[in-house]
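Working notes for the structure below.
Laboratory data are not the source of any read-out in this text; all were calculated from the coordinates shown. Note that the structure is a prediction, hence the values are computed from the model and not measured. Cβ: placed from backbone, ideal geometry, glycine included. Neighbour counts: every protein chain shown.
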Amino acid sequence: MKALLHNLLIFLVVSLVLGSALRFWPYLVYHAPLQDVRTVNPVLPPSPDDTVFEELRALGSDLHDLKFSGTLDAALRSENAVGFLTDHFEQAQTALAWYRADGAQRLREDAPTRFARIPVLLVGVDPSNTPTALEVFRLHRLLLIYAGQAFQNGQTEEGLDAFRFSLALGDYLLQRPPLERLYLADVVLTEALHFMTEVLPREHLTEELVAAVPSRAELDGALIDAYWLRAVVIANFADDPYKMYKAINPNFNPWVFQIMGGYHRTHTMNMIDEDFLEFQADVAGGIDQVRYGRRLLNTRPSHFFSFNPIGKKFMSVGALVQPDAEEIVVRHGHVIALADMVRLHAALAAQGAAWDGALIEETAARLELRDPFTNAPYRVNQQGLVEVFAPEDPRRQWTVQPAWIMRGMQGPAAAQPKS
């Protein structure tokens, strides 16, 4: 009997020690200071005094959708585009009046809270809850058609004002955007940048106009800001993952995870912050460095046997950079390359030189322009085209308009650029 009681006592002591170790060991292992990604930048609500975004949506509220096909020049001259302009000519003039009055200044203001001017969703991840502002996109297309027609009719100042407004819309949408709005900004900027080299008369490709094109630093910053916002949403969930899982599954019971070590908030917040910092460093070193789904792939096999099982499981399904995010990042990198091509075109125009492969690498080096995907100097092939993607690169399919090629650039389609 004594032996049985002795063995039972030993079993209870060992169980208590092991249970305590499993329960409290994470607080010894994960002792690093808490780094909450939300402290990187303050999250402020939009100012009630800033009505720019809603005014832009109102300007485009009655515009119907318009599909572009073929080259941008052909799309702007198509019967559909001409009819679209005819239907909405008064709205185009109303929008230009707004822009000329004080809209241009308001679009480019650099107030301390500029990043909070466009409403963003910070409490959920459902894209349907984040307005994509298609009214603004349709307004941009109306302005491009109006500008194209104005240049064709010799109305230079009308054309320039309409185009400047369109370009300013893309820059405005880059302000601390969620991913859905970053995509919208990229579409707007893609079309505006193509307009600059495909439609805009070359004599108007001036230094002043090119200065309005977002810089590489601004475009990289917008991409990083969009993923910072995504990290903020993930961190909001990570504050109380039990509540999140309970909302998804009312029968969820965390007792198994509690026994195995439970949830360690500090470690999870550090993982989210590490994910964001790695993404930021990868973008600076070239978009090809982004390792899509690194946490998804690295944590799923062993998350259940971690001392932070809930945190590891959370990161396995809520990682900042998922494989499906590659398309957005590639599209954005392509916009950066298009902006660089505009700067190259403008530099050659200022010298009175034609687009010539022999001058491209030298001019790109002088302007400190580098391939956004590799961060290496731009390559010029034997045809005098800048190669952003290799011909067989499958990422070509993700660019905004595969049918378009900027003059002098090997873009996402096999067709030759127009002369």
In whole Hz, with x marking every Gly and Pro, tabulate ³J(HN,Hα) for region 145-151 from phi via Karplus 6.51 cos²θ - 1.76 cosθ + 1.60, θ = phi - 60°. 5, 4, 5, x, 5, 5, 5
Considering amide H positions built from the backbone, and no H for Pro or chain starts, which residues 5 or more places from Met409, or on another chain, come under 5 Å of its amide H? Val386
Neighbourhood charge, 12 Å Cβ-Cβ cut-off, centred on His334 and excluding it, Lys, Arg +1 and Asp, Glu -1: -2
So, by mean Cβ neighbours within 10 angstrom, what's the order for 273-281, 228-236 with the highest one leading? 228-236, 273-281
When the Karplus curve 6.51 cos²θ - 1.76 cosθ + 1.60 is applied with θ = phi - 60°, which whole-Hz ³J(HN,Hα) does each residue of region 328-345 get, with x for Gly and Pro? 5, 5, 5, 4, 5, x, 5, 4, 4, 5, 4, 4, 5, 5, 4, 5, 5, 4
Evaluate E = 1/(1 + (r/R0)^6) for Gln397 and Leu9, where r is the Cβ-Cβ distance and R0 equals 41 Å; express this FRET efficiency to the nearest 0.05. 0.05
Rounded to whole Å, give me the distance from the Cα center of region 145-168 to that of region 202-278. 39
3J(HN,Hα) from dihedral phi, region 354-362, Karplus parametrisation 6.51/-1.76/1.60, rounded to Hz, x for glycine, proline: 7, 5, 9, x, 5, 9, 5, 4, 5
Which residue, Pro250, Pro214, Ser166, has the largest displacement toward the positive end of the dipole of region 157-280 when charges sit on each Cβ (Lys, Arg +1; Asp, Glu -1)? Pro250
